[in-house]
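Trainee: Sharing a structure here in structure tokens format.
The values are calculated or read from the model by the stated rules, or taken from the named source; none is laboratory data. All values derive from a computational prediction rather than experimental measurement. A quick note on method: Cβ atoms are made from the backbone with ideal geometry, for glycine too, and the neighbour counts reach across all protein chains shown. Remember, those area values only see protein heavy atoms, side chains included, never the ligands or the DNA or RNA. Shrake-Rupley method; radii C 1.70, N 1.55, O 1.52, S 1.80 Å.
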Amino acid sequence: MVAGSSRRPVAGAARRYGDLLRDCPRDRLALLAAHGLDFRLGRRDLLRDPIAALLPHWDARDPEYGYVLGMHAFGLEETGHHEGALAAARRSLEFVPDNAAAIHVIAHVHEMRGPPDAGIAWLRGTQPIWIRNAGFRVHLAWHLAVFQLDADAADEALSTYDELIAPQLDGGNNGLVDASALLWRLQLRGTRSARRWRKVTDLWRRGRSIGNRAFELVHAVMAFAASKQDGRARKLAERLRSDAMLRARSGGEELALAEPLVAAIMAFCRGDYDRAVDSISAIRAAADRCGGSVAQCDLIHLTLLEAALRGQREQLAWTLAAERARRKPASRLNRWLKARAWTLGATQPAT
């Protein structure tokens, strides 16, 4: 296959839409397409800077102005500019009070900074808005459950899954990604549910395409491996190398992360925690470019830490847990993980 844009049509399309926006900064379709493709490709700076450059071409008289502000807010959040993201998202909501995308941005800021109770309060307060939005209701319910896990309320997170996520799953990949990711986080926390995993794998099988790109396929492998359908998980993992269309739809960094990540997930489910640690350690520095948001990619870091704890890798577990606790000290989940790492060290024989 010839190298270049023919090999990476998603990257080529993103570049062309970006070029079009520079010439036509009010082209709504180009803006939506470029923003979505840059997100898929993990180009976080391009979620922020091009929209900042075109904002002067829009103003409050435009019906879509509030939505453009919301898109800029997301780019700010994903690049760590949390105060700017909050300001832009709140301004977006002044123009479009039911903009679920802006509500989503503020949820992300709470996720990055904590405390989880603030995130829960925000999403509960805005739930009458986002629960009616077909594009965001499952994903924002996922965020709500992640906050509940962060608050050490696994039972509440499971209830959110049963009440707000599972009934909305229709076989679409986005919803199944959220469902698989949440059940995996619950499993890392010690909450297993074979029945729920079986329902999710049934929906993955029923879908027209299990994983249109690497990020989605990783979550499908996660579901099958967690439900002990090892043969199916292995066959899906093989597509990372053999499926030319999947490879073409995926970003280069997303693909580079996916293969060691699925190896780690399958090893973790077999109880081979040393291999899981080794596989994820090799990609840890690039984990935030998994093909999803920073919040979604945190699943990789959580899996590495849990594998280190279960594999009794004392020093690594302590280092990872301490890093999480420093970054989000109000997280009760992080405090629990740090306490487990300390206990692991205390129980190890002296050398």
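Trainee: Among the chymotrypsin sites (Phe, Trp or Tyr not before Pro) within segment 60-107, which fall in a DSSP loop and have no more than 11 other Cβ atoms within 10 Å of their own Cβ? Intermediate results must be reported in sequence, preceding the final value.
Mentor: Details: sites: Y65, Y67, F74, F95; in loops: none.
Passing both the DSSP loop test and the Cβ count: no residue.
Trainee: Taking the Cβ of D59 as the center, what net charge do the other residues with Cβ under 13 Å away carry, scoring Lys and Arg +1 and Asp and Glu -1? Could you put the intermediate results ahead of the total?
Mentor: Working: positive: R26, R61, R91; negative: D62, E64.
Residues near D59 contribute +1 overall.
Trainee: Further question on the same structure: Heavy atoms only, probe 1.4 Å: what % of the accessible area of the chain goes to carbon and sulfur, would you let me know?
Mentor: Details: 8090 of 15630 Å².
Heavy-atom surface of the chain belonging to carbon and sulfur, 1.4 Å probe: 52 percent.
Trainee: A follow-up question, please. Straight distance only, please: which aspartates and glutamates reach the Cα of K228 with their own Cα at less than 20 Å, same-chain residues fewer than 8 apart left out?
Mentor: D178, D202, E216, E238, E259, D272, D274, E306
Trainee: Taking θ = phi - 60°, what integer Hz values does the Karplus form 6.51 cos²θ - 1.76 cosθ + 1.60 yield along segment 105-110, in sequence order, with x for Gly and Pro?
Mentor: Result, ordered by residue: 4, 5, 4, 4, 4, 4 Hz.
Trainee: If you look at just the Cα atoms of the chain, how large are its Rg and its Dmax in Å?
Mentor: Rg and Dmax of the chain, Cα atoms, are 20.3, 70 Å.
Trainee: Please give me, ordered by residue number, the trypsin sites (Lys or Arg not before Pro) of segment 14-115 that lie in loop per DSSP and have at most 12 other Cβ atoms within 10 Å. Please report the intermediate quantities before stating the final value.
Mentor: Working: sites: R15, R16, R22, R26, R28, R40, R43, R44, R48, R61, R90, R91, R113; in loops: R26, R43, R61.
In loop regions of segment 14-115 (DSSP not H, G, I, E or B), the sparsely surrounded trypsin sites (Lys or Arg not before Pro) are R61.
Trainee: Would you work out the relative contact order for segment 205-351, in percent, from Cα pairs under 8 angstrom that are 6 or more residues apart? Walk me through the numbers before you get to the answer.
Mentor: Details: 165 pairs, mean separation 24.2, N = 147.
That works out to 16 percent.
Trainee: Turning to a different aspect of this structure: Which of the three applies to segment 229-296, rounded, prolate or oblate, going by the alpha-carbon gyration tensor with a ≥ b ≥ c and a/c under 1.5 meaning rounded? Kindly include the intermediate steps, with their values, before the conclusion.
Mentor: Values: a/c = 2.10, a/b = 1.12, b/c = 1.88.
Cα axes put segment 229-296 in the oblate bin.
Trainee: Relative to the longest principal axis of the C-alpha atoms of the chain, give the angle of the C-alpha long axis of helix 44-54, reported between 0 and 90° and rounded to the nearest 10°.
Mentor: 10
Trainee: For D117 and S281, what does the FRET efficiency come to when R0 = 25 Å and r is the distance between their Cβ atoms, rounded to the nearest 0.05? Intermediate values should be presented prior to the final figure.
Mentor: Values: r = 33 Å, r/R0 = 1.31.
It comes to 0.15.
Trainee: Relative contact order for the chain using alpha-carbon pairs under 8 Å, separation at least 6, rounded to a whole percent?
Mentor: Details: 499 pairs, mean separation 47.6, N = 351.
For the chain, the relative contact order is 14 percent.
Trainee: Here is a follow-up. If R₀ is 45 angstrom, what is the calculated FRET efficiency for the pair A13 and R61, using the beta carbon separation as r and rounding to 0.05?
Mentor: Working: r = 31 Å, r/R0 = 0.68.
Given R0 = 45 Å and the Cβ-Cβ separation, E is 0.90.
Trainee: How far, in degrees from 0 to 90, does helix 332-347 lean away from the longest principal axis of the Cα atoms of the chain, to the nearest 10?
Mentor: In the chain, helix 332-347 runs at an angle near 30 degrees to the longest axis.
Trainee: Given the DSSP H assignment, sum -39500 (n - 2.57) over each helix run of at least 4 residues in the chain and divide by its residue total; what's the result at 222 nm in deg cm²/dmol, nearest 500? Could the numbers behind the result be given before it?
Mentor: Working: 19 runs with 253 residues, N = 351.
Computed ellipticity for the chain at 222 nm equals -23000 deg cm²/dmol.
Trainee: To continue, here is another question. List the residues of segment 305-328 whose backbone N lies under 12 Å from a point placed 7 Å from the Cα of D274 along the Cα-to-Cβ direction.
Mentor: Within reach of a label on D274: 311-313.
Trainee: Here's another thing I want to ask about it. Angle check, please: helix 252-270 long axis (alpha carbons) against the longest principal axis of the chain (alpha carbons), in degrees 0 to 90, nearest 10.
Mentor: The angle comes out near 30 degrees.
Trainee: Please identify the trypsin sites (Lys or Arg not before Pro) of segment 115-166 that satisfy two criteria: DSSP loop assignment and at most 13 other Cβ atoms within 10 Å. Which are they?
Mentor: Details: sites: R124, R132, R137; in loops: R132.
Hits after loop and neighbour filter: R132.
Trainee: Please turn the phi angles of segment 121-128 into ³J(HN,Hα) values with the Karplus equation 6.51 cos²θ - 1.76 cosθ + 1.60 (θ = phi - 60°), one per residue in order, whole Hz, x for glycine and proline.
Mentor: 4, 4, 6, 5, x, 9, 4, x
Trainee: Using the heavy atoms of the protein chains and a 1.4 angstrom probe, tell me the accessible area per residue for the chain in square angstrom.
Mentor: Accessible surface, normalised per residue, equals 45 Å².
Trainee: May I have the pair-distance distribution P(r) for segment 257-351, computed from all Cα-Cα distances with 5 Å bins from 0 and rounded to whole percent?
Mentor: In whole percents, the pair-distance histogram is 2, 15, 23, 23, 21, 11, 3, 1, 0.
Trainee: Select from L29, L149, L123 the residue whose mean-square fluctuation is largest in a Gaussian network model of the chain (Cα-Cα springs shorter than 10 Å).
Mentor: In the Gaussian network model the winner is L29.
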